[in-house]
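Have a look at the structure below, then the notes.
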Amino acid sequence: MTIAGKILIAAGVVFALLGMVGLFRFRTFYARILITSNIDSAGMILMMIGGMLHSPTPAFALKIGIIAVLALITGPLSTHAILRSARISGYKLKLGEHI
């Protein structure tokens with residue numbers, strides 16, 4: 001189980017690093033918020049599952065699982081709140097700006 005946990009943690013870190021490269025590659029606010037949401041959801045869940053498999057006790061794995069579920073609930077909600085506030089405030093793409 002510890003080898004599978006280490007592989008999942010490494011995959012989550014690689015996914016997060018590639019997502020950060022994509023974050024700097026995109027230029028608009030809306031494209032960047034989409035990339036950060038993907039990094040948050042996919043990279044975090046891989047690292048959390050790897051941490052659960054690598055944990056020393058079942059109680060610690062349960063704690064990591066509870067944190068993962070809470071993060072999966074609040075992550076998309078916070079992204080939605082940021083995008084909604086940008087839309088309500090009138091933030092728009094400039095003419096000629098591409099995603």
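Bear in mind that the values in this text are calculations on the coordinates, not laboratory data. In this text the structure is predicted, and so the values were computed from the model without any measurement. Cβ sites come from the backbone with ideal geometry, for glycine too, and all protein chains shown count toward neighbours.
Worth a mention:
- Members of region 10-26 found to be among the aromatic types (F, W, Y) and in a helix (DSSP H, G or I), listed by number: F15, F24
- Summed over region 33-60, the residues that are among the small types (G, A, S) and surrounded by 18 or more Cβ atoms within 10 Å (Cβ to Cβ) give a count of 5.
- Across region 29-39, not a single residue is classified as assigned to a helix (DSSP H, G or I), under 24 Å from G65 (Cα atoms) and of a type in the set (K, R).
- Scanning region 61-77 for residues that are of a type outside the set (A, V, I, L, M, F, W, C), surrounded by 14 or more Cβ atoms within 10 Å (Cβ to Cβ) and under 13 Å from the mean Cα position of the chain (by Cα) yields a count of 1.
- Whenever a residue of region 27-49 is within 17 Å of R87 (Cβ to Cβ) and in contact (Cβ under 8 Å) with a residue 24 or more places away in the chain, its partners that are surrounded by fewer than 16 Cβ atoms within 10 Å (Cβ to Cβ) and among the β-branched types (V, I, T), lying with C-beta atoms within less than 6 angstrom and at least six residues away or across chains, give the pairs T28/I99; A31/I99.
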